[in-house]
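Student: Shown below is the structure under consideration.
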Amino acid sequence: MRHTDYTSGRLQDLSITQRDPTDVKMLEVDPDPIAVPLDLADLLLDDLADDDINEKLLDVDSLFDYLELNDSLPHPWTFDDLPTAAEAPIANSIEQIQEPKAKGQSRRRKRPRDSQPQLCSDKSPKAKRPKPSGQPKTKESQAEPAVEPGSDPASGPSPAETLPMSTATPSRIFRVYPSQTGSAIPIQFITISDSAGNPVQLSPPPPLIRFPFPGSATTPTYILVPTVSPPPKCQLPPLSPVDGTVAPVQMSSSPLGSLSETASKAMSPPCTSPVSPGNEMSPCKESPLPLSPKILDIPQNVKDYIQEAKAHMSQTYQDMEAGLSLSSHYVDVQVSQREVVRSGKNTNKCLDKELVIKGDTDRQKTMLALSRIFDGSNGEKSRRYILLLGNAGMGKTTLIKKLCIDWSRDCIPQFDFVFLLDGKKLSVTEPVYSLQTLLLNLSSSAPSCVDPEAVYAQILAAPKRVLIIFDGFDELRNYETLLQAQEKDLTASLQKDSKAKTFTVRQLYSAILQRVLLPGCTLLLSTRPRGTASQLLRRTDSLLEMCGFTPANVETYLSQYFSDPGLRESALESLKSMSYLNLLCWNPGLCRLVCLILEQSRSVDVLPRTLTGLCHQVLCLKMDKDSRSTPTHTEAQAQSIRDTETQISNIPQAKKCSKNNQAKSRTQARTSSRTQRAKKAQEQEAQVDKVDQDLKSSGGEAVTEDRELLSQLSSLAWEGVKANSSILPTGRDISAKVKAFGLRTGLFLSHQLRASPCLSNSTKEEGENETEAGETEQRTENSERITNDLTDHQNDQILLWANPFLQSYIAGVHLALSRTLTDRSFLQTLPFQSGGKGRRRPQREELELTQRFAVGLLFHNRTELQRFHTHTETAFRDMVANKQGLVTKHLEGLSYADLTPSQILEACHYVYEASFTYSDGGRDAGRTRLVTHLAANLPEFLTFHGVQLSPPDVFTVQKALEQGETEGRSFCLDLEDSGIQICGLRALVGLNNINTYRSCIADAITLWELLEQSDEESLLQRAVSKFTIHPLKAKQVCHIEHLEKLVNIHIHKRLSDSSSESHSILSEGVPAVKELHKLEFELGPDNGPLVLPKLWDLLPGLHNLQHLDLENSKIGDKGAEKLASALVSLPSLEILNLSQNCIGDEGVKKLAATLKDLPNLHCLSLYSNMISDEGAESLAAVLPHMASLTDLDVKFNKLTDVGAQSLGASLRNCTKIKTLRMWNQCIPFGVLERLIQQDSRILLH
């Protein structure tokens, strides 16, 4: 049926959902066409325009008048006036509404069933409708009181008390009579909201309409619900909660979980739902309607809290880290828009999705400024579920802080509230929280709240004006655990009363992420891209990725970091001379560490050349700074003795300077003083000698203390890496020295789990209503209790690692240098343990870094590592040599042909860290051995397909390939779907031992254009001639767009349309186009039709194409006609796959005329199309002329025995055909069996 939303003038399709009284489960069923032949679409005129609907059917009376005056409508009905709200009985169960028994009160009309529809004006006479025979005059019908929208909230009590509202005009009942003899069926039209985003609790529940089924023992209940909810033009916030409760999603009296999703959407609040007087809502930002209800302003106390929150954010999130602030050191970086595609063989049925890796050229086109991440693309609605991806150190947390600062400065006006929820809060497991306390107490962005009830009520009233940010989740899989379905009882409790302090932080986080709580708010989730999260990818409507620093960003960061111009220039020059360090600055977190080294270095020679060397120097700097600023116990004792000696020596000088008129006293005093001085001098000399001895050994004691502290730190770091956590274990007893050392050096950060509790209105009123006489003691107790609570919250802190790279490096120190780790345990920590070609689970980023650091440390300078271990010199030397041998044997024993692309990349990193962390002539042979073995054993066809290559990754691969050149090796590179930057692509393509390379077509064209502009003819010649695209598998729309551009370059023999003359290098076209022999079109039925016109245009340029696969592209007969025209230009075509393309007889006729002219076509598949006997005859007519055809597949079409016999007869004249598959259910098995007996080349499967 259709339901008219009279507040917006829209028609909504309604389905009838049956609810059996004996079963709480809702089932969607089709109504009995005999018992209830209802379709309001049939009741309305076909020629009634949408404008007429909007004008004529804006209210109930207009619709009823239209139905009364139109005699041509097919079904008989009557109209009754409902009693007013004052007369209607109110009850919790379904009430009966008596139909007026007086005949004069009935407005029943009779209407012929076979009349032609015609429009009636208001002046047309009202013809009486004939009553069906046997129709009783009166009938009782069960229904609930109607819900009257549009009441004024300011003029009465709460909605629960005023529903149903009194109206001057009585409601109308629309009665439909079944086609067979029966009683009238009353239908009351009620307004149902377009969206289910904002739940509303109605009291009493909405009316139910009962339709009697013939022969049914009980009267089933039907609820009218919208089958498809159109996008809302204006959606208002929900009703304010009554008594501080949150209304459930379902508003009917049925048990929780008994309603279908469609029914749940139907019972959302209408646009004209009343609001309580105290709640004020913000206006709708999405194209508001002119007749939308007036929206109240935000209360002043809530406005004050918002301003306090902005001031709190502006102050709290100003610091990036120690010594750096957003105002002075922030570099404005952009984020790129990512996409997901369905993964799996059958993309139509597979729900799993995977991230698409775009080329550098396409990535630049999808860059977004920070202010646009919430905006919809191409005029779409704003984004509500945003996922921000980025590896460790890429600046996700810094960007979130910048967002908070921008909100505090009114740069993000679409949000009234911004709450930052940290993943570390999940360590709080006590079930003592509610949604209100989570947002207003645990959120690090929320200040102390004076009136939390009013603020929370405003949050519930306008959830679309709320932004919730989740930060501190290390990987995607951490979100996946929060998206698991919760128990129904828990969900019901959350929906019923979210203010109850009985939930854990995990339960509340999960309810927000699953849209159980605050379903209309905007969510921003930050995480690292490692791990799988299919549920999360299906929920998000926007995927963003941190792109890192560009070279310009690096220069901007250094210019802001170094205030001294001379030091700034020196740092920039030093950085440019160190290629690997410069590339590491692509990561903002590593760029910060590089600046620390540049700030202290005095020469380029001492700068690190590997990531291990960088983190090693940073840790040494922190430890040296701590040792200088924190004197040891011996140094403090020596300083105290020196101070005492200075004070004693000043006494005789004072006495000598003083004047004494009594000579005898002066002589005695001098004698006594001299004696005392001599005695104390002897004692002082002994003490100084002792201090000197202590100072000589103090250096060793300080080093020993540092070694012990670092040993404990490395053990803690390794435990955190294994647990995939940056939080120090709370259950373990960590010494105070370790904590103090970590906090002093900046290795640790202190994080407060619980914010200071805000005082509720009741707590404030306790102090305001107390008298001076009898309440003083109670007030004092309350003050002490609050003070204790604040103290407990201040002490409720956890420690976490401040930098993920330093945590992984210190964990690598444990693997490489710990005396507690045996050789066997060390071998188990090395990568690539499983061996073989079995499927491996991808390693976490922290574990990969730790393994990389461990290998680099073992080949580091032993002198530099003295302060990091507690071994004797001999034991340390033997241990390092032994572990070096284990690493060398392990890496040399790898079968690189069996490694995945990501594992080959990691192997390159391990070898680079081991070979270049420290350069010593005495060990050149050892490090050269590793890199030589790697270069000699890399596969000739080296692929990094599907692995994102960062600038440091490209550098390590380049070093391995350069070593391969010295060994006489040459390689073919596959860099497609790797996201490699243009500069990295240029570096690899420029190597002399690269035979061919694959990459994103758009990136290759961009590189060619850059080389042409810089007049690098030699490199351009190699870049064009070595480029290959065979075979090409088009999975994205951009792949066909890029191929079309490449084919145009090949045809016109110039790189761009602006070039007036063809380039000499392209005089014979693009070799990659001429060498393309196989093209697989795998965009599927959804995206395929979008680029089919481009495919038809570019196919004639692929003269050497031999294999064309267009399976499941839904080209249809029109596409088949276009393809037939393009096939004329493909004389080399050998295999053509047109399966599952909805090709009918007309399309086959067009194809058949062209197929006979393809001299090399030997395989044709028309599997699962719509070919009938007529199309089969067209194929049978051309089969004898297809001299090279050997295999034909027409299974699962619409052939009958006639078409099968035609093909069988034609097969006798085709001597080269080896197989003909044509089985389907329309061909009788006996006929097909007889054909198989006549010709064995006909196969069933």
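The values are calculated or read from the model by the stated rules, or taken from the named source; none is laboratory data. This one's a predicted model, so the numbers in the text were calculated from it and none came from an experiment. FYI the Cβ positions are ideal-geometry reconstructions off the backbone, even for glycines, and counts take in every protein chain you see. We work out accessible area using only protein heavy atoms, side chains counted, and drop any ligands, DNA or RNA first. Shrake-Rupley method; radii C 1.70, N 1.55, O 1.52, S 1.80 Å.
Student: Quick one: of Lys425/Lys501; Lys1033/Lys1156; Lys365/Lys1053; Lys1035/Lys1078; Lys1094/Lys1122; Lys1053/Lys1074, which pairs are farther than 19 Å apart, Cα to Cα?
Tutor: In this structure, Lys1033/Lys1156; Lys365/Lys1053 exceed 19 Å between Cα atoms.
Student: May I pose another question? Near the amide H of Arg338, under 5 Å away, which other amide H atoms are found, from residues 5 or more places off or on another chain, if H is placed in the peptide plane?
Tutor: Hits under the 5 Å cutoff: Leu543, Leu544, Glu545.
Student: Could you do me a favour and compute the accessible area per residue for segment 1189-1233, 1.4 Å probe, result in Å²?
Tutor: Accessible area per residue: 46 Å².
Student: Arrange the peptides 1158-1166, 410-418 so that the one whose residues have, on average, the most other Cβ atoms within 10 Å appears first.
Tutor: 1158-1166, 410-418
Student: Using a/c under 1.5 as the rounded threshold, could you call segment 362-414 rounded, prolate or oblate? The axes a ≥ b ≥ c are square roots of the C-alpha gyration tensor eigenvalues, and prolate needs a/b larger than b/c, oblate otherwise.
Tutor: Judged from the Cα gyration tensor, segment 362-414 comes out oblate (a/c at least 1.5, b/c at or above a/b).
Student: Which ³J(HN,Hα) values in Hz, rounded to whole numbers, follow from the phi angles of segment 1121-1136 under the Karplus curve 6.51 cos²θ - 1.76 cosθ + 1.60, where θ = phi - 60° and Gly and Pro get x?
Tutor: 5, 5, 5, 4, 5, 7, 5, 4, 8, 10, x, 8, 5, 10, 10, 10
Student: Still on this structure, I have one more. As an exercise, find the ratio Rg/Rh for segment 360-450 from alpha-carbon atoms, using the Kirkwood inverse-distance average for Rh.
Tutor: Dividing the radius of gyration by the Kirkwood radius yields 1.02.
Student: Could you tell me what % of all Cα pairs in segment 407-522 have separations over 19 Å?
Tutor: It works out to 45 percent of all Cα pairs.
Student: How many percent of Cα pairs in segment 506-564 exceed 19 Å?
Tutor: 53 percent
Student: Can I ask one more? Full extension from Lys1216 to Ser1067: what is 0.36 nm times the residue separation minus their Cα-Cα distance, to one decimal in nm?
Tutor: Using 0.36 nm per residue and subtracting the Cα-Cα distance, I get 49.6 nm.
Student: Now, a different point. Rounded, prolate or oblate: which fits segment 1018-1166, taking a ≥ b ≥ c as square roots of the Cα gyration tensor eigenvalues, rounded meaning a/c under 1.5, else prolate when a/b beats b/c?
Tutor: Prolate is the answer for segment 1018-1166, as a/c is 1.5 or above and a/b outweighs b/c.
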